[in-house]
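What follows is a short report on a single structure.
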């Protein structure tokens, strides 16, 4: 497997993505958006797994510039606020990452998907709302509040939300509003709830937070959600 840093600009920041691939001929490409802390090992490992397991060219995307990772929870919330409230800021981080990926010779630009974790999952939906030519937008324990719900009619991707039923950061009202946004648009969407599961269920390091009622790794939900992602990608990349 090959890995390489990919530089691009977004929202006035110098971004550094982490690209993984296994062969030189064009193949499906996948954007991997990280959690709110920034581009750390979890997202990089998932990009490498997409390359090694399925042969995709996958790029884990930067969020804060220069691959900065913010570990303090309150600092993350402060950094995230202006991004979450600005369609321009959030879309720059997604659309520019997409442009960087499709420019790569290893990537078939007609077969692109996006996955993301926590806030990164929200970014996949934000990208889909721009009308970008992507085949799937898949969020793992992803926030469902987006900046421009009125743009749902522009979505061309198939959407998949994979959520912990007991995630305290994603309220039933959020799920209902997300569903309402998509109803009547013709968008192909799915939402899966994993019973007894909370936030960050794909990340084994979630337990380090010391708040198991909020964030906790769940091996079963991790495996099941990865399988659902794989099945959707197999479908859209035919």
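A short reminder: the numbers here are calculations on the coordinates, not readings from a lab. All figures in this text were calculated on a predicted structure; none of them were measured in a lab. In this analysis, Cβ positions are derived from the backbone assuming ideal geometry, glycine residues included, and neighbour counts consider all displayed protein chains.
Where Rh is the Kirkwood radius over the Cα pairs of the stretch 103-179, the temperature 25 °C and the viscosity 0.890 mPa s, what D in µm²/s does Stokes-Einstein return?
Here the translational diffusion coefficient equals 191 µm²/s.
For the chain, what is the convex hull volume of its Cα atoms per residue in Å³?
Value for the chain: 108 Å³ per residue.
Computed from the Kirkwood radius of its Cα pairs, the Stokes-Einstein diffusion coefficient for the stretch 46-140 at 20 °C and 1.002 mPa s stands at 152 µm²/s. The smallest convex shape that holds all Cα atoms of the stretch 168-230, its convex hull, gives 88 Å³ per residue.
A crude spin-label estimate for the pair residue 156 and residue 24, with each label 7 Å from Cα along the Cβ direction, gives 3.0 nm. Note on the stretch 81-95 and the stretch 99-125: Cα centroid distance 16 Å, given to the nearest whole angstrom.
Taking the number of Cβ atoms within 10 Å of each Cβ as an exposure proxy, the fewest-first ranking of 16, 83 is 16, 83.
From helices alone, the chain scores -11000 deg cm²/dmol at 222 nm; the rule is -39500 (n - 2.57) for each run of n ≥ 4 DSSP H residues, then divide by the residue total.
For the stretch 177-238 and the stretch 13-53, what is the separation of their C-alpha centers, rounded to whole Å? Comparing the Cα centres of the stretch 177-238 and the stretch 13-53, I get a distance of 18 Å. Geometric descriptor of the stretch 99-238, per residue, is 115 Å³ (volume of the convex hull of the Cα atoms). Beta bridges per DSSP, both residues in the chain: antiparallel share near 30 percent. The Cα-based radius of gyration and maximum Cα-Cα distance (Dmax) for the stretch 1-105 are 13.6, 44 Å.
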